[in-house]
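First the structure, in the form of structure tokens, and then the observations on it.
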Amino acid sequence: LARGIQHTAVRQAHRKYEPNFHDKYGNLVLLGGAAVFTAVWGYVFTQAGIEWGLSPVGRITPKEWRE
């Protein structure tokens, strides 16, 4: 078994290297994903009416306690 594994490893090492999908398109996919991510979150942050006050003081009012 070990000899077969070793033989397979040697055969793959000697094989001519062919670029796979990640070698060809990896950076393109990464940049495309980053662009979509940025566009979506940019839209969310600008259109969702988020108020950029990070302190909740004065904004959160406790409900009246029910007896």
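Cβ-Cβ distances below 8 Å connect no pair with a first residue in region 33-51 that is open to solvent by 90 Å² or more (accessible area, probe 1.4 Å), a second residue that is of a type in the set (A, V, I, L, M, F, W, C) and at pLDDT 95 or above, and a separation of six or more residues or different chains. The residue that is modelled with the lowest pLDDT, among those in region 27-66 that are part of a loop (DSSP other than H, G, I, E, B) and among the aromatic types (Phe, Trp, Tyr), is Trp52.
The values are calculated or read from the model by the stated rules, or taken from the named source; none is laboratory data. Keep in mind the model is a prediction, meaning the values are calculated, not measured. Quick reminder, even Gly has a Cβ in these numbers, built from the backbone with ideal geometry, and neighbours come from all protein chains shown. The accessibility values were calculated without ligands, DNA or RNA, using every heavy atom of the protein model including side chains. Shrake-Rupley method; radii C 1.70, N 1.55, O 1.52, S 1.80 Å.
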